[in-house]
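Take a look at the structure below.
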Amino acid sequence: MKIRTSFNKLKRDITVGKFLAVRELKRNNPWSTALIIFVMSLTFFNMVLMGGILIGLADGMMSSFKTYYSSDILIKPASQNVSISQSSMLESLIKSLPSYQALSKRYTVAAILINEDKVKIKDTEIGQRVSGTLVGINPIEEDVVTGLSTQIITGEFLNDYDTEAIVIGKGLLAEYSKGSSTESRLEGVVVGSRLRLTIGNNNTEVSVKGIIDTGNSTVDNRIFILESTMRALTNNQSLNVNEIAILLNQDSNNKQAKEYIVDNFPYNTDIVVETAEETLPKAILDMKKTFSMLGNIVGVISLVVGAITIFIVIFVNAITRRKYIGIMKGIGISARAIEISYVIQSLFYALSGILFSSFIVIWFLAPWFDLHPLKFPVTEGKLAVTTSGLILRGLILTITALISGYIPAKMVTKQNTLDAILGR
Amino acid sequence: MIKIKNLTKIFTLGDNTLIAVNNLSFLVPSGQFLAITGISGSGKSTLLYQLSLLDRPNRGTISIDNINTSKLTSGERISYRLKNLGYIFQDYAILPTLTAKENVMLPLLMQGVKENIAQEKAKEALLKVDLQDRLDHLPSQLSGGQQQRVSIARAIVHNPKILFADEPTANLDTESSETILKIFLNLHKQGQTIIMATHELDYAKLAERNIELRDGIIIRDTLKKSKNH
Ligand SMILES: Nc1ncnc2c1ncn2[C@@H]1O[C@H](COP(=O)(O)OP(=O)(O)O)[C@@H](O)[C@H]1O
Ligand SMILES: [Mg+2]
């Protein structure tokens, strides 16, 4: 019985609160309403955007690693500068994975590229030689796994017959990666340039067939060449490779696949099997953590600003209506109904702001960033906004608005009725 | 019937104490139109605030229809006011963001009356104060006299036991004031108990009974013989 009456009272308070709030909002100065909604939009925008950009950058780094370098699983020898023993046995094991889709075997070796044309022009020129990782691949296999051919910015990717050609990462070329590092880079290299490739005591002349830009610094500092050319150059008859990148079916479990390989390969102590997530350098993971923390800090600051905005708006409104609030209480309107009317108003401001900026973010900014990614030295950043992220931040802002609308309303409604009416 | 006994309201300002209502005892039968008169500062408003439960006296009791209102909690006083009392302030005191009709609906909605019914009742109340053609006007679009009539409609829409009015004509021109008094006389004819404070004797004379205050004390209490209920 008691619960029922208090429920009915609450229902009545809400009805009256809504009645008052709707009319207050409707008959407010539309410009000031628009201004408040605008401020709330900016608040939400800040909460979403800064974090979104920062996390988008970290995501960009992570996904470029996976897409262009490690694929779903990357196998490397346990100790460096050694190849994977029993590579072909491992290969057949990988191909027996239920989720297997494709793999690419890579032979890697440290190499030096020299631009001899450059040397001839000017002896002291520094942009004449660069060292990098030479990667021998089967271009068809590699392209299936990592789609590198789509990232060629000038020229073309290798095909099976390019026995004297290389594809070179933009990180090794001065003209394509300006000023971001003090390491020496080749200058004046274009598609068709002939360079001297040196591995240990062996060298040969190669021509540049394409320049690649994946946004991933590991890949962008590599030199790609046909596996057969490399093998000939190094006199390497061994079929043991240095890296195997494995592409699995979509939605398959990388961890399971990794375990399958480790469990079934007899020489598993000689290899390191890593899922895409595990191959990520710690620096990138740290960066992602730092970036999301920064994003959250910016978000919290905007939230505080938004809360203060709502507080001031409602407080000023309630203070200037102090007399009317007194009169309402005087004729028997409950304080709670009046508080509810202010809470509804602040919720309206917050929700309008949230909707407005979500609309801008989802329909304009996210597509815009997809078309025009932010270029950073290490990677490309897109806007990382998820619906769940928007909803979570929206919820936080809504609750903040609710509290910061309620407090000033409460401060005014709890004043003595007669004092409020008489302006004492 | 309102029974007022030993009603006292004291204001303390520093060392000074001011007895604004001084040990008043009197009865107001149901249906009476009572005017409280007296010069400015004589205690009319203070008395009305006590009677309408807007304020709490220092001493004394007010019983309305055998309910001792001094025993009510503040929550109960609010809901008692909502259901049983109507109050007309000197300066109209209607809400600027609500239309005439919405202002009048408000106390009904607060009592849980459905919106469409509240609308009908508000229209009826506004008809009684001759504002049926101003239902959807905002206060800013109404004259002072019209705003005061909205305020009357709001005070009577829920058929209160007692209608209080504190200087309802003080801010109005003669014509508007007379309209207001006519409305009061009409309500009185229909049995409405009215307690009105005014310093304008011409209007006080129209009431059934006059109580004149000075320094919080009743110095005259006159009843028109012809208008016995
Ligand atoms: N809140 C208050 N504090 C101190 N004195 C007050 C207060 N309210 C009223 N008074 C004093 O009480 C007396 C009666 O005031 P009031 O009831 O307003 O008179 P009236 O309505 O007849 O003009 C006056 O002397 C006034 O100054
Ligand atoms: Mg007065």
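The values are calculated or read from the model by the stated rules, or taken from the named source; none is laboratory data. What you are looking at is a predicted structure, and each value in this text was computed from that prediction instead of being measured. Cβ: placed from backbone, ideal geometry, glycine included. Neighbour counts: every protein chain shown. Just the protein is used for accessible areas: all its heavy atoms, side chains included, with ligands, DNA and RNA removed. Shrake-Rupley method; radii C 1.70, N 1.55, O 1.52, S 1.80 Å.
For region A:100-248, give the percent of accessible area contributed by carbon and sulfur heavy atoms, probe 1.4 Å, rounded to a whole number.
That share works out to 47 percent.
Calculate the length of the line joining the C-alpha centroid of region A:23-64 to that of region B:47-87, in whole Å.
So the separation of the two Cα centres works out to 50 Å.
Using 13 Å as the cut-off for backbone N distance, which residues of region A:334-374 belong to the label zone defined by a point 7 Å from the Cα of A:Val304 along Cα→Cβ?
none
Just tell me which aspartates and glutamates come within less than 19 Å, Cα to Cα, of B:Lys101; anything on the same chain fewer than 8 places away is out.
Hits, sequence-local ones excluded: A:Glu24, B:Asp91, B:Glu115, B:Glu120, B:Glu124, B:Asp130, B:Asp133, B:Asp136.
Would you list, by chain and number, the lysines whose Cα falls below 26 Å from the Cα of A:Lys105, excluding same-chain residues fewer than 8 positions away?
Answer for A:Lys105, where 26 Å is the Cα cut-off: A:Lys66, A:Lys76, A:Lys95, A:Lys170, A:Lys209, A:Lys255, A:Lys258, A:Lys282, listed by chain and number.
To the nearest 20 debye, what is the magnitude of the charge dipole of region A:319-424 about its Cα centre, counting +1 on the Cβ of each Lys and Arg and -1 on the Cβ of each Asp and Glu? Please list the in-between numbers first.
On the way: 11 positive and 4 negative charges, 116 e Å.
That gives a dipole near 560 debye.
I'd like the accessible area for B:His199: 1.4 Å probe, protein heavy atoms, all chains in place, Å² to the nearest 10.
100
With springs only between Cα atoms under 10 Å, which of A:Ser184, A:Ser79, A:Ser87 fluctuates most in a Gaussian network model of chain A?
Of the options given, A:Ser79 has the highest mean-square fluctuation.
Pop out a list of residues from region B:35-81 that are at least 40 Å² less accessible with all the protein chains around than in their chain alone; 1.4 Å probe, no ligands or nucleic acids counted.
SASA drop of 40 Å² or more in region B:35-81: B:Tyr49, B:Leu54, B:Ile78, B:Arg81.
What value, in deg cm²/dmol to 500, does the helix sum -39500 (n - 2.57) over DSSP H runs of n ≥ 4 give at 222 nm once divided by the residues of chain B? Could the numbers behind the result be given before it?
On the way: 7 runs with 77 residues, N = 229.
Only helices count here, giving -10000 deg cm²/dmol.
Specify whether the C-alpha gyration tensor of region A:1-150 places it in the rounded, prolate or oblate class, a ≥ b ≥ c being the square roots of the eigenvalues: rounded for a/c under 1.5, otherwise prolate if a/b is larger than b/c and oblate if not. Numbers along the way, then the final one.
Working: a/c = 5.18, a/b = 2.18, b/c = 2.38.
It comes out oblate by the Cα gyration axes.
So which helices of chain A fit the span-like rule, where a helix is a whole DSSP H run, its Cα atoms reach 24 Å or more along the axis, and its mean Kyte-Doolittle is at least 0.5? Walk me through the numbers on the way to the answer.
On the way: long enough: A:2-27 (37 Å, -0.55); A:30-65 (50 Å, 1.50); A:282-320 (56 Å, 1.62); A:335-360 (38 Å, 1.28); A:387-413 (38 Å, 1.27).
Qualifying helices, which must be both long enough and hydrophobic enough, are A:30-65, A:282-320, A:335-360, A:387-413.
Under unit Cβ charges (Lys, Arg +1; Asp, Glu -1), what dipole magnitude, rounded to 20 debye, does chain B have relative to its Cα centre?
Details: 28 positive and 23 negative charges, 188 e Å.
Approximately 900 debye in magnitude.
Based on the Cβ-Cβ distance from B:Ser74 to B:Lys114, what FRET efficiency comes out when R0 is 22 Å, to the nearest 0.05? Don't skip to the end; give the middle numbers.
Working: r = 28 Å, r/R0 = 1.27.
E(calc), rounded to 0.05, equals 0.20.
Could you tell me the total accessible area buried at the B-A interface, probe 1.4 Å, in square angstrom to the nearest hundred? Show your work: numbers first, answer last.
Details: alone 11510 and 21910 Å², together 31080 Å².
When B and A are taken together, about 2300 Å² of accessible area is lost.
In this model, which of A:Lys18/B:Lys121; B:Lys128/B:Lys205; B:Lys114/B:Lys182; A:Lys26/B:Lys123; B:Lys5/B:Lys182 are farther than 25 Å apart at the alpha-carbon?
Working: A:Lys18/B:Lys121 20 Å; B:Lys128/B:Lys205 23 Å; B:Lys114/B:Lys182 31 Å; A:Lys26/B:Lys123 22 Å; B:Lys5/B:Lys182 31 Å.
Table pairs above 25 Å Cα-Cα are B:Lys114/B:Lys182; B:Lys5/B:Lys182.
Considering protein heavy atoms only and a 1.4 Å probe radius, which residues within region A:27-46 exhibit an accessible-area decrease of no less than 40 Å² in the full assembly relative to the chain by itself?
Residues of region A:27-46 that lose at least 40 Å² of accessible area once the other chains are added: A:Arg27.
When a/c is below 1.5 the answer is rounded, else prolate if a/b is larger than b/c, else oblate, so apply that to chain A with a ≥ b ≥ c taken from the square roots of the Cα gyration tensor eigenvalues. Present the calculation step by step, with values, prior to reporting the outcome.
Working: a/c = 4.36, a/b = 2.57, b/c = 1.70.
Verdict is prolate for chain A.
What does the net charge come to around A:Gln237 if you take all other residues with beta carbon closer than 13 Å to its beta carbon, with K and R at +1 and D and E at -1?
Summing Lys and Arg as +1 and Asp and Glu as -1 gives 0.
If I ignore ligands, DNA and RNA and count only protein heavy atoms, how much of A:Met62 is accessible to a 1.4 Å probe, in Å² to the nearest 10?
50
Residues of region B:30-59 with backbone nitrogen within less than 15 Å of a virtual label 7 Å along the Cα-to-Cβ line of B:Leu201, please, listed as ranges.
Counting backbone N atoms under 15 Å from the label point, the list is B:36-40.
Would you mind getting the accessible area per residue of chain A, heavy atoms of the protein chains only, 1.4 Å probe, in Å²?
49
Once you have a ≥ b ≥ c as the square roots of the Cα gyration tensor eigenvalues for region B:26-106, tell me rounded if a/c is under 1.5, and otherwise prolate or oblate according to whether a/b is larger than b/c.
Numbers: a/c = 1.79, a/b = 1.29, b/c = 1.39.
It comes out oblate by the Cα gyration axes.
Considering only B:Gln148, A:Asn416, A:Ile360, whose Cα is most displaced toward the positive end of the charge dipole of the protein assembly as shown, charges sitting on Cβ of Lys, Arg (+1) and Asp, Glu (-1)?
Working it through, the farthest residue towards the positive pole turns out to be B:Gln148.
Given the whole protein assembly as supplied and a 1.4 Å probe, what does the accessible area of A:Ile331 come to in Å², nearest 10?
20
Accessible area per residue of region B:2-223 at 1.4 Å probe, in Å²?
Details: 9550 Å² over 222 residues.
Here the per-residue accessible area is 43 Å².
Given contacts defined as C-alpha pairs under 8 Å and at least six residues apart, what's the relative contact order of chain B, whole-number percent? Spell out each step's value before the answer.
Working: 443 pairs, mean separation 66.5, N = 229.
Computed value for chain B: 29 percent relative contact order.
Could you please state how large a percent of the accessible area of region B:1-153 is carbon and sulfur, counting protein chains only and using a 1.4 Å probe?
Values: 3180 of 6540 Å².
Carbon with sulfur: 49 percent of the solvent-accessible area.
Place a +1 charge on the Cβ of each Lys and Arg in the protein assembly as shown and a -1 charge on the Cβ of each Asp and Glu, then give the dipole magnitude about the Cα centre in debye, rounded to the nearest 20.
Working: 70 positive and 59 negative charges, 968 e Å.
Value, rounded to 20: 4640 debye.
Kindly provide the GluC sites (Glu not before Pro) of region B:130-226 that DSSP labels as loop, not H, G, I, E or B, and whose Cβ sees at most 16 other Cβ atoms within 10 Å. Show your work: numbers first, answer last.
Working: sites: B:Glu175, B:Glu178, B:Glu200, B:Glu208, B:Glu212; in loops: B:Glu200, B:Glu208.
Hits after loop and neighbour filter: B:Glu200.
Please list the non-local residues whose amide H lies under 5 Å from the amide H of B:Ile88, H modeled 1.01 Å from N, same-chain partners needing a gap of 5 or more.
Amide H to amide H, under 5 Å and 5 or more residues apart or across chains, B:Ile88 pairs with B:Phe164, B:Ala165, B:Asp166.
Using a loss threshold of 10 Å², tell me which positions in region A:301-348 are less accessible in the complex than in their chain alone. Probe radius 1.4 Å, ligands and nucleic acids ignored.
With the partner chains in place, region A:301-348 has these residues losing at least 10 Å²: A:Arg321, A:Lys323, A:Tyr324, A:Ile327, A:Met328, A:Lys329, A:Gly330, A:Ile331, A:Gly332, A:Ile333, A:Ser334.
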